[in-house]
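Here is the structure we will look at.
Every number in this text was worked out from the coordinates using simple rules, so none of it is lab data. Being a predicted model, the structure only gives us computed values, none of them experimental. Here the Cβ is made from the backbone with ideal geometry for all residues, glycine too, and neighbour counts use every protein chain on show.
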Amino acid sequence: MEIEDWRKQIDAMDEQIVELISKRAQAAKQIGLLKRETTLPVYEPQRERDVFEHVKRINPGPLSNAEMMDVYERLIDVMRTLQRRDM
């Protein structure tokens, strides 16, 4: 394949990634509302550790677990900010 073919594939994958991140954000918002109703804290370190462990278990590569954690740490940070904004 040529570089343009690869770029078209990446564009299509980016569309899927954006859709999934948006769905994840919607779920995080709903969880944030439930946390507000039950006075649970936004930051739950054990839950975040569980998410990270799950992601490491399912990571097929080529990103290393450390690289994947970089991505997920930022993703979760953004989701946490979203929950705080709604509180």
Using Cα atoms only, what is the angle between the long axis of helix 3-38 and the major principal axis of the chain, expressed in degrees (0 to 90) to the nearest 10? 10
Any idea what the dipole of the chain comes to, in debye rounded to 20, about its Cα centre with Lys/Arg Cβ at +1 and Asp/Glu Cβ at -1? 600
Of the labelled options (1) 5.8; (2) 6.7; (3) 8.6, which one gives mean projected area of the Cα convex hull in nm² as computed for this structure? (2)
Once you've got the GNM for the chain with C-alpha springs shorter than 10 Å, pick whichever of 77, 11, 50 has the biggest mean-square fluctuation. 11
